[in-house]
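Written out below as structure tokens is the structure these notes cover.
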Amino acid sequence: MSENLRHEPGVAERIGSASTRTLVIVRHGVTDWNAEERLQGHIDIPLNEDGIRQARSLRDSLAPFQFDAVYSSPLLRAKQTVEIVAEDRDISYDWRIAEINHGIWQGMTKDCFPLV
């Protein structure tokens with residue numbers, strides 16, 4: 001969850017009824033590298049305290065809902081987020097939904113790249 005994609009209070013009420021299928025996509029909580037505008041890629045960066053709070057808040061909002069399946073990237077920040085949000089649900093980890101590998105750019109800050 002980035003600052004511009006914060007969880008909105010009341011989102012749980014808009015997810016849908018039991019008679020519909022709804023796909024809920026959640027981005028991992030914030031990391032120190034997000035705050036520094038660093039490309040993370042496949043580097044395993046943990047959630048920071050704000051990211052943990054974001055995941056807990058989302059867990060509380062989604063608590064009334066039953067999920068048929070839970071999938072996550074195996075990267076640490078995504079795993080930490082989903083393990084907080086999903087609590088005791090089974091989680092399937094899949095590299096196909098992981099962030100792309102940014103190669104030599106991983107770890108670099110946004111200001112290292114000239115405007116194109």
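The values are calculated or read from the model by the stated rules, or taken from the named source; none is laboratory data. Only a predicted model underlies this, so the values are computations on that prediction, with no experimental measurement involved. Please note: Cβ atoms are built from the backbone with ideal geometry, for glycine as well, and neighbour counts cover all protein chains shown.
Things worth noting here:
- Contact annotation: no residue pair with Cβ atoms under 7 Å, 6 or more positions apart or on different chains, pairs a residue in region 14-43 that is farther than 22 Å from Trp105 by Cα and basic (Lys, Arg) with a partner that is outside any loop (DSSP other than H, G, I, E, B) and modelled with pLDDT of 95 or more.
- Residues within region 64-81 that are closer than 19 Å to Gly51 by Cβ, outside any strand (DSSP E or B), out of contact with any His (no Cβ under 6 Å at 6 or more places or on another chain) and touching a residue at least 24 places away in the same chain (Cβ under 8 Å), tallied: 5
- All positions within region 9-41 that are at pLDDT 85 or above, surrounded by 12 or more Cβ atoms within 10 Å (Cβ to Cβ) and under 17 Å from Val82 (Cα atoms): Val24, Val26, Arg27, His28, Gly29, Val30, Thr31
- Test: residue in region 51-70 that is of a type outside the set (Phe, Trp, Tyr), crowded, with 18+ Cβ neighbours inside 10 Å, closer than 24 Å to Asn101 by Cβ and more than 12 Å from the chain's Cα centre (by Cα): no
- Residue in region 85-106 that is under 18 Å from Val30 (Cβ atoms), touching an Asp or Glu at 6+ places or on another chain (Cβ under 9 Å) and assigned to a loop (DSSP other than H, G, I, E, B) present: no
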